[in-house]
Amino acid sequence: MRLLITCKQAHQMASEKLDRDLSIAERTRLKLHLSMCRGCTNFNGQMQLLRMAMRKISSDDGVPASTSDKEQS
Ligand SMILES: [Zn+2]
């Protein structure tokens with residue numbers, strides 16, 4: 001793999017990063033790409049927000065909620 005990665009590869013790494021630890025080489029490539037690409041920087045941030053939100057929802061499972069937000073579809 002080259003030092004410069006495509007946006008597609010950056011997206012993939014950004015999502016894999018949330019599931020596993022990237023190697024230093026991978027992290028370096030991702031960081032380098034993010035420093036040059038605004039679109040992927042946004043994508044990366046949204047990914048993390050999404051994951052955090054999903055984690056929060058799943059950790060809230062079984063806990064009685066004061067609202068019925070989950071009933072909405
Ligand atoms: Zn990009």
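For Thr41, the stated conditions hold: it is among the hydroxyl-bearing types (Ser, Thr, Tyr) and near the ligand (Cβ under 10 Å from one of its atoms). Taking region 15-34, which residues are closer than 11 Å to Leu4 by Cα and of a type in the set (S, T, N, Q)? Scanning region 15-34 gives a single hit, Thr28.
Tallying residues that are part of a helix (DSSP H, G or I) and buried (at least 16 other Cβ atoms within 10 Å of the Cβ) within region 1-46 yields 13.
Rule-based calculations on the coordinates, nothing more; no lab input. Everything numeric in this text was worked out from a predicted model, so none of it was measured. Note: ideal-geometry Cβ built from the backbone for every residue, glycine included; neighbour counts use all protein chains shown.
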